[in-house]
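Structure first, then comments.
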């Protein structure tokens, strides 16, 4: 049996749970792309006092702060969506109303963390 | 029978690694909020402590495993031609092994 395929993007309904779900995937890919840079920064920070100072100096650049902010948002969203997933594994929040509310909480929670991080960074 | 449980292993790995990483991130966040390292020496000394370096190593193993399961799912969903799919999975797997080797180097070097 073939799976039905429906690709008319203007007509596809995207309820809040679907937004949380696809964003979980997108943020996962973003994090995977960011991890090698994170390991590089860990490496720099531990090598020597001058390289540690370079890591500190990185946080003075606006462009670096923007990238760090995107990474923090992606991590927060991915983490919250993951916890929501784990809870649904043990059958917490499966009812549609609760699931919608928790999906909103995840989406807003991720943005709230990003807002806090922006306050701390900029 | 094998078919019925085929997806269980990665499914479980994804969750076990997620829970460990969650705990580690809470621990890391608590440390950076309560007692942020003020200098290279403080940071280096903290990182080379036995508990922190082992916990960090386990975190990196969990992270790379979690990345493997997650990105593998993404590749399997979107890359359909077999040759490109195998090539993508192979390249990504080798990349993760490389990252693992790099992390081991960093953590061992911190002890040198």
Query raised in the report: Averaged over A:41-49, how many beta carbons belonging to a partner chain fall within 10 Å of each residue's beta carbon?
Result: 5
Requested in this report: Using 0.36 nm per residue of separation minus the Cα-Cα distance, give me the extension gain between residue B:85 and residue B:73 in nm, one decimal.
Outcome: 3.2 nm
Requested in this report: Set the Förster radius R0 to 45 Å, insert the Cβ-Cβ distance between residue B:11 and residue A:120 as r into 1/(1 + (r/R0)^6), and round the FRET efficiency to 0.05.
Outcome: 0.80
Query raised in the report: Which value in deg cm²/dmol, rounded to the nearest 500, describes the helix-derived mean residue ellipticity at 222 nm for chain A, given -39,500 (n - 2.57) per DSSP H run of n ≥ 4 and division by the residue count?
Result: -28000 deg cm²/dmol
Report summary line: Mean per-residue count of partner chain Cβ within 10 Å for A:86-92 equals 1
Report task. Determine the gain in length on full extension of the stretch residue A:67-residue A:111; use 0.36 nm per residue of separation and subtract their C-alpha separation, reporting nm with one decimal. Result -> 14.3 nm
Query raised in the report: What's the average, rounded to a whole number, of partner chain beta-carbon atoms within 10 Å of each residue's beta-carbon in B:40-49?
Result: 3
Query raised in the report: At residue B:30 and residue A:54, where each label point lies 7 Å from the Cα along Cα→Cβ, what is the point-to-point distance in nanometres?
Result: 3.4
Requested in this report: For the range B:58-84 and the range A:34-67, write down the distance between their C-alpha centroids in whole Å.
Outcome: 26
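Each reported figure results from applying straightforward, stated rules to the coordinates on display, with no laboratory input. Predicted model, so just to flag it, every value in this text is computed and none were measured. Every residue, glycine as well, gets a Cβ built from its backbone with ideal geometry; the counts of neighbours run over all protein chains shown.
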